[in-house]
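One structure is given below, encoded as structure tokens.
Every number in this text was worked out from the coordinates using simple rules, so none of it is lab data. These numbers were taken from a predicted model, which means no experiment stands behind them. Glycine gets a Cβ as well: all are built from the backbone with ideal geometry, and neighbour counts include every protein chain shown.
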Amino acid sequence: MNLASRLEGLCKQYEVDAIVSQPVVDAAGDEFLFRRLDCVAVKGRSEGVRVYEILGVAGSEVANLRSARAYEAALEAYASRDFAGAISLLAQHPDDGPARVLLARCRELVERPPPPHWTGVYVAIAK
């Protein structure tokens, strides 16, 4: 199974229409706006891949841009193990699908902190 197929399967998990990897973002340059969603080890791979949501064409109005940027700040807090900080940011955007997903993950990590060697890479178990 190739990476594009695995990423397509992640769309439902993150509640977004399209997910792409870093090489696509790099190739698009400044023509499109993206939201960094996560670093994911997709099924069949052991290394994490940075994944992004396509928000729209650069220069166009993007309805969820504010929540997307807040999500990215929360993702940085999450990666730094500041789960409470991430929760605070994410809770402000209850209508945002990716925010709901990361919020649930952060709440779980507050309850059951990750081990010292935790890297923040999410291991996707579904195709």
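Data table
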quantity	calculated
Qualifying residue in region 20-36 (condition: within 13 Å of the chain's Cα centre (by Cα) and of a type in the set (Asp, Glu))	no
Whichever residue in region 50-94 is among the hydroxyl-bearing types (Ser, Thr, Tyr) and farther than 21 Å from Pro114 by Cβ and, among such residues, is farthest from the chain's Cα centre (by Cα)	Ser60
Cross-chain or 6+ apart pairs with Cβ under 9 Å, region 63-79 first and touching a residue at least 40 places away in the same chain (Cβ under 8 Å) and surrounded by 13 or more Cβ atoms within 10 Å (Cβ to Cβ), then among the polar types (S, T, N, Q) and outside any helix (DSSP H, G or I)	Ala79/Thr119
Residues of region 7-22 satisfying the condition of being assigned to a helix (DSSP H, G or I) and either within 18 Å of Ala58 (Cβ to Cβ) or of a type in the set (Ser, Thr, Tyr) (or both)	Tyr14, Gln22
Test for Val42: is it under 11 Å from the mean Cα position of the chain (by Cα), touching a residue at least 12 places away in the same chain (Cβ under 8 Å) and crowded, with 16+ Cβ neighbours inside 10 Å	no
